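The values are calculated or read from the model by the stated rules, or taken from the named source; none is laboratory data. This is a predicted model, so every value here is computed, not measured. Every residue, glycine as well, gets a Cβ built from its backbone with ideal geometry; the counts of neighbours run over all protein chains shown. Keep in mind that these areas ignore ligands, DNA and RNA; they rest on the heavy atoms of the full protein, side chains included. Shrake-Rupley method; radii C 1.70, N 1.55, O 1.52, S 1.80 Å.
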Amino acid sequence: MGIWERFDDIATVDEVVEESYKVEPLEEGNYVMTLQEINAAESQNGAPMIKGVFRLDNNRPVYYNQLLQNINYPSMTAKNIAEAVAFLSGLIGQDIKYEGLSKLEEVINGLESGISAEMNVTYGKNDFDKKYPKLKVVKLMTDGDELF
């Protein structure tokens, strides 16, 4: 018996693979992704945000995090919300009229996993480590669409 054999169950293969995706950033570009889950949430500071997980066809997770309220830069709040509304509109395939965060939460809660879309992945100018991908819906996928 090797000295580390007793530690074989401290992390599963799937857990390590999942974490490796966080370490190796996704290159900028377009990808077809499938929604696994999306939720109205709060940041560590208690600010409203959207958290989601998408999957590539190789099962790699892509995390979507959109802070809605920027406490340090209040002028950014409306921009953040507008970006979230555009993203959610793309996911449902129709324009959403913004009528407050509680109404936006209803839209988020109504989304079901399994939605597939071609997404454009970019990173913010200060995200040098490429830890926080910015997602933009390019095209909602339908049954007849070819994957590229």
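Data for the structure
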| read-out | value |
| --- | --- |
| Distance violations [Cα-Cα > 22 Å] among LYS79/LYS103; LYS103/LYS130; LYS51/LYS130; LYS103/LYS125; LYS51/LYS97; LYS103/LYS131 | LYS103/LYS130; LYS103/LYS125; LYS103/LYS131 |
| For the chain, size of Cβ-based charge dipole, Lys and Arg +1, Asp and Glu -1, in debye | 720 debye |
| Under-5 Å amide H pairs with ILE115, H placed in peptide plane, nonlocal only | LEU35 |
| Solvent-accessible area per residue for the chain (1.4 angstrom probe, square angstrom) | 69 Å² |
| Carbon and sulfur %, accessible surface of segment 2-148 computed with the full protein complex present, 1.4 Å | 49 percent |
| Selection from ASN70, ILE38, LEU56, by position along the positive dipole direction of segment 4-71 (Cβ) | ASN70 |
| Value of D in µm² per second that Stokes-Einstein yields for segment 1-102, Kirkwood Rh from Cα pairs, at 25 °C (0.890 mPa s) | 150 µm²/s |
